[in-house]
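Inspection log for the structure reproduced underneath, given as structure tokens.
Please treat every number below as a calculation from the coordinates, not as lab data. Fair warning: this is a prediction, and the values are worked out from it, not measured in the lab. Glycine also receives a Cβ, built like all others from the backbone with ideal geometry; neighbour counts cover every protein chain displayed.
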Amino acid sequence: MAKDQLGLMLTGSEASARAYDRAVSDYWGLTGDPVGALKQALAADPAFVLGAAAIAGLFLIGGFRGDHLEVVAALAAADRALGGASQREKLHVAAVKALADGRAPDAVTAWEAILVEWPTDALALRFGQDAYFFLGQSLAIRDSVARVLPAWDRGHPLASFVLGAYAFGLEEAGELGRAEAAAREALALNPKDAWATHALAHVLETACRPEEGIAFLKATQTSWRTAHFMAGHNGWHLALYLIDQGRTDEVLADYDRFAAPKLADDTTLDRCDAAALLWRLELAGVGVGDRWEAVARAWRAHVGDHVLAFNDLHAAFAAARSPDPDDAGRLRRSLDAYQRDGRGHNRAVTAEVGRRLIEGVLCYGAGADAQAVEEILPLRYEAFRIGGSHAQRDVLNLTLIAAAERSGQWRLARALLAERAAVRPTAKVRGQYERACARAA
């Protein structure tokens, strides 16, 4: 058996081990073509079971359904090689099979079992991080890294990425000081670490430090602009700061230059970021022209995926503002069928939480503001279950405030804005609160 870059045994040839190392490094670094490298190695080495499992996992984490041909083919290759696999590799295969079957909690259980025995299994750690993010489990994002961090040599090339992951988990858990320190340590080790950049961007957003956020992301732009989908997402964070500062002309210019062209790549996060950004701009009172048409068209092709309620929420943003009047109905009909015939963890989350949040967005888009409030308000503290980060899900709070204002529920708006001003005491939020107070009186 060969060994990977961290000394863990791997079934397959030395060439497969090197391809695996390259793919894992690219996965953490958001560079290169990890799937392509693994496919090439697997074709030459059918015993490369971990390569097959990694291919399936990468497609699933990327937003593909479990019945997609690429996922099915990779899992079949893993099954054919399973007889020669080690216990660690068998757990990897079990994890991606669970994920493909819609059992994300079972998948992370398998990856955590790997990390207990092999704490430097970089693939299990990264897959677990992404899965916890999709599950909205902030504390698990933090603690999964904390459990293995002592086993990692700070001198290893992947160490900065592990620190960056820890920084993001700390931020999502509300430990902003420790998160900032970990992110800056990661960036000191590797200034091109786009995930550590992302973690620090979250810290500055949560801490309500937009001027610092703008300066930081603009100064480091050349380091993160080439990081696959994280280039667009770090740009999305820059846009949040700029919207907060009222610099919306810059946001629209950056959207046209960077975000709109990336829709052609057809990646889930790019579609989510584009829809959320246009929605936030409109909530801020900014006209976005005909930009919704391309976003709605991109989401229309994925209306039946239902991989994650978080994704479907962003499909709802696009459907609610689409020039095609049937997009909202098409999404509703697809969700009806999914609730009736679907299975797995996400189906339950959709039925219990996601569907009403999505309906609230669709109602708001249709001008049914009172109904939007009725749908969103009771579930705002359950919204974490749809997945994503606190910053991403904050769009629901903004939508709820806007719906309360537009429906004339000024006392509710006043209460929600008092809450918001306590954590985001910006001049803009205070002004909104004072306006709500005057209207409520």
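A few comments on the model shown:
- Using only side-chain charges placed at the Cβ, +1 for Lys and Arg and -1 for Asp and Glu, the dipole size of the range 1-133 relative to its Cα centre rounds to 100 debye.
- Choice from E405, E185, E250 showing the highest fluctuation, given a GNM over the chain with Cα pairs closer than 10 Å: E250
- Under 5 Å between amide hydrogens, built in the peptide plane, is the criterion, and for A2 it picks out L10, G12 among residues at least 5 positions away or on other chains.
- Charge tally for A421 (other residues, Cβ to Cβ under 11 Å; Lys, Arg +1; Asp, Glu -1): +3.
- Gaussian network model of the chain, Cα within-10 Å springs - most flexible of G431, G136, G388: G431
- Under 10 Å, Cβ to Cβ, from K3 - net charge with Lys/Arg +1 and Asp/Glu -1: -3
- Listed residue (M1, L252, A441) projecting farthest to the positive dipole end of the chain, Cβ model: A441
- In this entry, the chain is assigned a mean projected area of 19.6 nm², taken as a quarter of its C-alpha convex hull surface.
- Kirkwood Rh, angstrom, the range 100-238 [1 / mean 1/r, Cα pairs]: 15.2 Å
- Over the chain, Cα pairs under 8 Å with separation of 6+ residues give a relative contact order of 10 percent.
- The magnitude of the dipole of the chain, with charges of +1 and -1 set on the Cβ of Lys/Arg and Asp/Glu and taken from the Cα centre, is near 600 debye.
- The equivalent ellipsoid of the range 103-167 has semi-axes of 19, 13, 9 Å, largest first, where each one is the square root of 5 times an eigenvalue of the Cα gyration tensor.
- Considering helices alone, the calculated mean residue ellipticity of the chain at 222 nm is -21500 deg cm²/dmol, with DSSP H runs of length four and up weighted by -39500 (n - 2.57) and normalised per residue.
- Anisotropy class of the range 1-133 from Cα gyration tensor, a/c 1.5 cut: rounded
- With 0.36 nm allotted per residue and the present C-alpha distance subtracted, the E374-A146 stretch has 78.1 nm of extension available.
- Tail weight of P(r) past 25 Å, computed on alpha-carbon pairs of the range 319-441, percent: 30 percent
- Length-normalised contact order of the range 1-133 in % [C-alpha pairs under 8 Å, at least 6 apart]: 19 percent
- The listed peptides 220-231, 358-369, ordered by packing as a protection proxy, come out as 358-369, 220-231 (highest mean of other Cβ atoms within 10 Å first).
- Convex hull projection area averaged over all views, the range 58-132, Cα basis, nm²: 4.5 nm²
- Cα-based helix-to-principal-axis angle, 176-189 vs the chain, degrees rounded to 10: 50 degrees
- Compared with the direct C-alpha span, the chain from Q339 to T222 gains 37.7 nm at full extension, assuming 0.36 nm per residue.
- Each other residue within a Cβ distance under 12 Å of L91 adds +1 if Lys or Arg and -1 if Asp or Glu, for a net charge of -2.
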